[in-house]
Amino acid sequence: MKEESIIVSACLLGVNCKYSGENNFSDKVKEICKGKKVIPVCPEQLGGMSTPRNPAEIINGTGKEVLEKNAKVIDNKGRDVTAYFIKGAEETFKIAKLFNCKKAILKAKSPSCGVGEIYNGTFSKTLVKGNGVTAEILKKNGIEIITELY
């Protein structure tokens, strides 16, 4: 039987690619990945952003609206970083197709990777229903997504 390939947010595997320059290592994710071909990605880095970088959130919508050009991703200094997030999502999807990935484990609440809920754009830790930009593009293309929380 062919080994299953799975896209995983690199920060969950201990890669220091989080906006702060740290990681979000998860023992749970490490355990889920056993026996699978793991493809670590950081959509924000793939989109051209540096690490560390300013935190960013989606304003006036979710990843779906960002992809429809009806919402933006703004960093905490007010800079529009939407193009980086869209490019990172597209590059992540290219990688998923290249490795025939049917599943992904992404970082919860992130403006790129959040699934089901993301921060609302006020930088106040307030959550709204919706997906991040990368999660939205992967889900739209039939890739099953979970986060480290479930």
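Any read-out appearing in this document is the output of simple, stated calculations on the displayed coordinates, not a laboratory observation. Owing to the predicted nature of the structure, the values given are computational and were not obtained by experimental measurement. Glycine also receives a Cβ, built like all others from the backbone with ideal geometry; neighbour counts cover every protein chain displayed.
Points worth noting:
- Share, in percent, of DSSP beta bridges within the chain that are antiparallel, nearest 5: 40 percent
- Across segment 66-101, the residues whose backbone nitrogen lies under 14 Å from the label position 7 Å along the beta-carbon direction of VAL128 are 66-74.
- Mean sequence separation of contacting Cα pairs (under 8 Å, at least six apart), scaled by the length of the chain, corresponds to a relative contact order of 24 percent.
- Simple label model, 7 Å out from Cα along Cβ direction - ASN23 to ASN141, nm: 2.6 nm
- Global form of segment 1-44, assessed from the alpha-carbon gyration tensor, a/c cut-off 1.5: oblate
- Ellipticity at 222 nm from helices only: DSSP H runs of n ≥ 4 in the chain, each -39500 (n - 2.57), divided by the residue count, give -7500 deg cm²/dmol.
- Once the mean of 1/r is taken over each pair of separate Cα atoms and inverted, segment 38-145 shows a Kirkwood hydrodynamic radius of 13.4 Å.
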